[in-house]
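These notes are about the structure you will find just below.
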Amino acid sequence: MEISFFGGDIRFCRHCRCWDVPELTRLIVEGIDGHDPDTNHWQSQLQHITLARLALTCQKISGTSLDVLWEEHYGYVNLLKALPAQKYRLSDNILTIIEPKLELEDWDRVLSYSRRIKTFSDVDYREGCPVPDMSVLESMTRSLPAGALLPHVRHLFCSSSSPLLSLLPSLIGARVSSIMIELTSCSWRFSAVQKLALPCLTSVTIVSDGGEEGEAVVTKLISDFVRCESLLRDVDRLNFSTLRHSSNLKHLEHLDTEVITGDLFCSREDMSVEQPFPALLTLSLRTPYPPLLAKVVEITTSPLLKQMWLYASNLSLTFDPTILLSSIGARSSSHRLTSLIIALGCNLSVLNWGEHQFCTLSALALKPLLALSNLSQMELYYPGLCPLDDAFVESMARAWPGIQKLHIECQYDITATTSPTMQSLVSLSQHCPLLVYLRLDVDATEIPSARLPAQRRALHRKFSSWEVRLAPIESAHKIATFLSAIFPRLQMICYSSSSRKEWDEVNRLISAFAEIRADERYLIVHNGLPKNAD
């Protein structure tokens, strides 16, 4: 049997035994669909046409093809087109059900597709997509048993602007594990979501603009919903008041919170439980009010926390980051926290830092963070941070031996006597064998001695990328030789300097040296060191 698809000719043998293996059939069909986010609209249409035709070829693969074709679905209109043609009308891009009360058998074809849907959105955002009118609501309510339309949906996206939102409790089954809710000016409809019986729910994302009813009303609705779902493991984008209500979620592992307003005097003692967020593993906070960060860190930091990402904008002279850094160092587990990002003033461009005033932060303010001995990622952005010195960089290197990504961004003054020099890179190469990426501003006018034996260069060197704003240099060859000696796997330097031509030459030499070092490692690994080798 030979079948011609738009994607090309596919030779299909219905007697092939591979179709008797459900897992293999699924892999083949998924390969046709692709699910590539970069696929353009035309390619996506071709993939769907191919799947639809494949579903009509043979009973062996029909079910699997339909499963993949309907696994993700957005909006009700295309689904309702499976009703008998005489039962609905599509005019002026609006779908209308002609008969308010349909018989259950009229829904047979619709239900045969809808039971395959695992990811569903009640709104189709594609341009020009038909929309249902109120007759659809009436027909669904009168004709279908509770939960019959979407019995197996796992991931649900809903918007309070959709007129179908109020019907969700009667349309979806009880297997939903994650839900994303978009609250708009029609947030009064959110009460329908609170009526959902979702025993399997482990993840909730709530996006809210406050709506016409005001933040207080929306906050109460969200907080009531979060409190009633005790099995939640992942909560995304809540406000400060809801944060307090979610502190009793015993299974909550991931919290991604937009801290926009709230009582600044709320403390850990104000929580309704003795140990807030007992299972929290990852924490991401964003706020336009930097003083809130220290308060939220005080409330949310748990002994199990592994990842903490903090973002704040609207910096001023009254905000002192020292309190925040001290709180992180004091409350975080030194052996569990592996990833820490602190981005203060993240809404400002580096080029515009000079136009704003900030509270100056000395390197000593970072000392509490040195207790976090298990860090593998450390990123700090703060325009008021003074340049570090070689001694403090060495302290960081000794304190974080497992660091893989280190990004320190601060004010840079080449004339400052305390600016780190290339000696700081020697400290990092000696004490941080897992380091892969570095962002650190240094004074590159003097090159220290870095003669290392070949055997040491061949061992566990992973460092490959350095991002830096550098001073003018005298010899590109000396810089490249020095860097290749301490970081033999270095492949790229990202820089911003008035001596661009010289640094272009450094990059060219680094690439050439990287090939030489690779050959050197190969010879040492396979042939061993020659006699009298240094």
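The values are calculated or read from the model by the stated rules, or taken from the named source; none is laboratory data. Keep in mind it's a predicted model, so treat the numbers as computed, not measured. With ideal geometry, Cβ positions are generated from the backbone for all residues, glycine too; neighbour counts draw on all protein chains shown. Remember, those area values only see protein heavy atoms, side chains included, never the ligands or the DNA or RNA. Shrake-Rupley method; radii C 1.70, N 1.55, O 1.52, S 1.80 Å.
What are the residues in region 337-353 that are part of a loop (DSSP other than H, G, I, E, B) and either more than 20 Å from Leu375 (Cβ to Cβ) or at pLDDT below 90 (or both), if any? Give the derivation first.
Keep residues of region 337-353 that are part of a loop (DSSP other than H, G, I, E, B), which gives 337-338, 345-349.
Residues satisfying the conditions are Gly345, Cys346, Asn347, Leu348, Ser349.
Of the conditions (1) in a loop (DSSP other than H, G, I, E, B); (2) at pLDDT 80 or above; (3) among the hydroxyl-bearing types (Ser, Thr, Tyr), Ser284 fails just one. Which one is it?
The number of the failed condition is (1).
Would you point out which residue out of Lys118, Lys87, Lys81 is within 24 Å of Pro199 (Cα to Cα), open to solvent by 20 Å² or more (accessible area, probe 1.4 Å) and modelled with pLDDT of 85 or more?
Lys118
Being closer than 17 Å to Ala365 by Cβ, surrounded by fewer than 17 Cβ atoms within 10 Å (Cβ to Cβ) and not polar (S, T, N, Q) is the filter here; which residues of region 292-319 pass it?
Of everything in region 292-319, just one residue is closer than 17 Å to Ala365 by Cβ, surrounded by fewer than 17 Cβ atoms within 10 Å (Cβ to Cβ) and not polar (S, T, N, Q), namely Leu317.
Just the residues that are at pLDDT below 85 and open to solvent by 60 Å² or more (accessible area, probe 1.4 Å), please, taken from region 383-411.
Gln411
Would you confirm whether or not region 499-506 contains a residue that is at pLDDT 80 or above, open to solvent by less than 50 Å² (accessible area, probe 1.4 Å) and not in a helix (DSSP H, G or I)?
no
Name the residue, out of Ser332, Ser376, that is open to solvent by less than 50 Å² (accessible area, probe 1.4 Å), within 20 Å of the chain's Cα centre (by Cα) and within 30 Å of Lys250 (Cβ to Cβ). I'd like the intermediate steps shown before the answer.
Values: Ser332 fails: within 20 Å of the chain's Cα centre (by Cα).
After applying the criteria, what remains is Ser376.
Taking the condition at pLDDT 85 or above, in contact with a helix residue (DSSP H, G or I) (Cβ under 9 Å, 6 or more places away or on another chain) and open to solvent by less than 50 Å² (accessible area, probe 1.4 Å), does Leu470 pass? Lay out the reasoning, then the answer.
Values: at pLDDT 85 or above: no; in contact with a helix residue (DSSP H, G or I) (Cβ under 9 Å, 6 or more places away or on another chain): yes; open to solvent by less than 50 Å² (accessible area, probe 1.4 Å): yes.
Spelling it out, it is not the case that Leu470 is at pLDDT 85 or above, in contact with a helix residue (DSSP H, G or I) (Cβ under 9 Å, 6 or more places away or on another chain) and open to solvent by less than 50 Å² (accessible area, probe 1.4 Å).
If Ser112 satisfies all but one of (1) open to solvent by 20 Å² or more (accessible area, probe 1.4 Å); (2) touching a Gly at 6+ places or on another chain (Cβ under 7 Å), what's the number of the condition it fails?
(2)
Does Leu317 satisfy the criteria of being modelled with pLDDT of 80 or more and either among the aliphatic types (A, V, I, L, M) or not in a strand (DSSP E or B) (or both)?
Details: modelled with pLDDT of 80 or more: no; either among the aliphatic types (A, V, I, L, M) or not in a strand (DSSP E or B) (or both): yes.
Criteria not met by Leu317.
Return the residue satisfying two criteria in turn: it lies in region 65-78 and is within 27 Å of the chain's Cα centre (by Cα) and closer than 17 Å to Arg53 by Cβ, and of such residues it is least open to solvent (accessible area, probe 1.4 Å).
Going residue by residue through region 65-78, those that are within 27 Å of the chain's Cα centre (by Cα) are 68-75.
Right, trim to closer than 17 Å to Arg53 by Cβ and you get 68-70.
On the way: Val68: 5, Leu69: 34, Trp70: 34 Å².
Residue satisfying both the conditions and the ranking: Val68.
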